[in-house]
1. List pairs: first residue in the stretch 52-76 and within 15 Å of residue 22 (Cβ to Cβ), second residue at pLDDT below 90 anywhere in the structure, Cβ distance under 6 angstrom, at least six positions apart or on different chains.
2. Would you tally the residues in the stretch 365-387 being free of Cβ contacts under 8 Å to residues at least 40 places away in the same chain and polar (S, T, N, Q)?
3. Sort out for me the strands (runs of 3 or more DSSP E) sitting completely within the stretch 68-128 that have 2 or more residues that are among the hydrophobic types (A, V, I, L, M, F, W, C) and farther than 23 Å from residue 407 by Cα.
4. Kindly check whether there is at least one residue in the stretch 83-91 that is within 30 Å of residue 60 (Cβ to Cβ), of a type outside the set (A, V, I, L, M) and in contact with a Lys or Arg (Cβ under 8 Å, 6 or more places away or on another chain).
5. When the stretch 157-179 is examined, which residues are found to be closer than 17 Å to residue 221 by Cα and hydrophobic (A, V, I, L, M, F, W, C)?
6. When residue 379 is evaluated against the numbered criteria (1) modelled with pLDDT of 95 or more; (2) open to solvent by 30 Å² or more (accessible area, probe 1.4 Å), which criterion, by number, is the only one it fails?
7. Looking for whichever is surrounded by fewer than 23 Cβ atoms within 10 Å (Cβ to Cβ) and of a type in the set (A, V, I, L, M) here; the options are 296, 292. Which one fits?
Amino acid sequence: SFQNEINEVPFFDIQLPYELALKIFQYLGKTELGRCAQVSKTWKVLAEDEVLWYRLCQQEGYLLDMSISDYSCWKLALKNCRARERTLKTNWKNRIGAVSQLQYEQGKILCDVHSCDGVVIAGYTSGEVRLWDTRTWDYTAPILEPIHDPGDAGPQPHVSFVKINSSLAVAAYEDGTISVWSLMFGREPIHRYQHNQRIQALALSPEGAAVATASGFEVKVESPNDRGFWQTTETYEIQKLVNFLNLVPDVTGSPVTVAAAEDIVYLLKAEDPGKILHSVYGQPVTCLDVSAHEAAFGVKTFGWLLNEPNQILLYNLETSQCLKKMGNSIGDFTCVNLQNSPPNMLVTGNKDRRVRVFDLRRSESVCSLYAHQLGVSAVQMDDWKIVSGGEEGLVCVWDQRMGTKLWEMHARHPVRHIWFNSHSLITANVPDEKTPRGASITDDDLTAHRRHRGIIYAYEFSADQLAAESVLPICRSSYDEVTGYNYNIGLAVPYDNI
């Protein structure tokens, strides 16, 4: 073709070899390449070289797992990716998409919910643990089997906590048992261990295979050895009862745990078992989140006594130094999200009904949103939006730059879990009351009234969700049916086959 015949490219009054000219063009952006393509036929071939557009595509974060030979036209691929992103953003802003409820009546009342990359795990008062994969839209969830001893005839203990990552699911029960399942190998647990007291906190490593639990004055870390057999890697003795527990992501070697016990924050490593990261007597920690190199937590101070308001502290985990003290609010900080936030950003929720975003390079908040009547219970942000949940059951989606609320949804119970990525959102309203009065608690009644149960919602804003298999059954009706639906709630459009 024409391109193969070009060896020298005219650059003003000199002729440059094609490879050298290409190297110069690598410093140009999309707009400049477009302008260069209009100069001459030779420059057009150069400006539309696949190498340049492949590189631009990678720089903008699209199709990172593709190699250059996977597409014949990378300029078009980039254009399609950007168009899809714009559509997704519009869908999020206008709440266009599909919403479904993940319900499981036999589980009685919802106890805890967690999710990873669209896979949701829920634990119930019936002692059952259930999984949904919202990426496939077929919501028939498998139940993860607990190991029953033949002698256990009575009711199962409630589930206290559940956690999930890309390969493991973990549940902790009221009686101090912990079960670990592999998402690859069926429904039987691959590991199980026991604390002799109630479990206060459960942590699962975001990618690796490590589980940490706190019970009484003890923190246990379990992980598989080189041959894949699970064992207790570390046991730490602590002076106070743990309220919050996190495993540090991306750690090579033995797992590192951050534990907040009343007014002390511990950094638990195998080589330094009792290391205290932060401790101020009488100033309890109210929330905690951990990224690969930092820990952020809210501290409740005696504002009226020392004229020092409640703050978020940021510590470096390598140097154990306090990097930042942020915020000064009268209310307690109730939730903080550092791990899922964009670089140098942090989002928090407070009892004073405000959601605050902090830039870690400055100390004051970048934006403050007034939202939830009874205080904020869950938050997450990305580069343009914030999703917050409150104790009163409201989920709000905000445009961060404008500081405005885009839309909200309400359910009866407090919002205890929020997770989203570019195209989907999962929220869970978990009741505080696990044995409600008026609901039958006898064993022969398998279900509790739905108002007591709690609920999990899955939203899908994806641009290509109109493929027939991903449209909700309610929207697959066609005009040839005698009765039609009229659910005008922004779901996927029915009658696409006409």
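The values are calculated or read from the model by the stated rules, or taken from the named source; none is laboratory data. The model shown is predicted, which means the values in this text are computed figures rather than measured ones. Here the Cβ is made from the backbone with ideal geometry for all residues, glycine too, and neighbour counts use every protein chain on show. The protein model used for the area step is the full one, side chains on, heavy atoms only, and it has no ligands, DNA or RNA in it. Shrake-Rupley method; radii C 1.70, N 1.55, O 1.52, S 1.80 Å.
1. Note: pairs meeting the criteria are 54/68.
2. Looking only at that region, the number is 3.
3. Filter on the stretch 68-128 gives 110-116, 119-124.
4. no
5. 161, 162, 164, 168, 169, 170, 171, 172, 178
6. Every condition holds for residue 379 apart from (2).
7. Exactly one of 296, 292 is surrounded by fewer than 23 Cβ atoms within 10 Å (Cβ to Cβ) and of a type in the set (A, V, I, L, M), namely 292.
Residue by residue, here is whether (1) within 29 Å of residue 207 (Cα to Cα); (2) more than 20 Å from the chain's Cα centre (by Cα); (3) not assigned by the TED database to the domain that holds residue 248; (4) not charged (D, E, K, R) holds:
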{"position": "312", "(1), (2), (3), (4)": "yes, yes, no, yes"}
{"position": "330", "(1), (2), (3), (4)": "no, yes, no, yes"}
{"position": "342", "(1), (2), (3), (4)": "yes, no, no, yes"}
{"position": "364", "(1), (2), (3), (4)": "no, yes, no, no"}
{"position": "367", "(1), (2), (3), (4)": "no, yes, no, yes"}
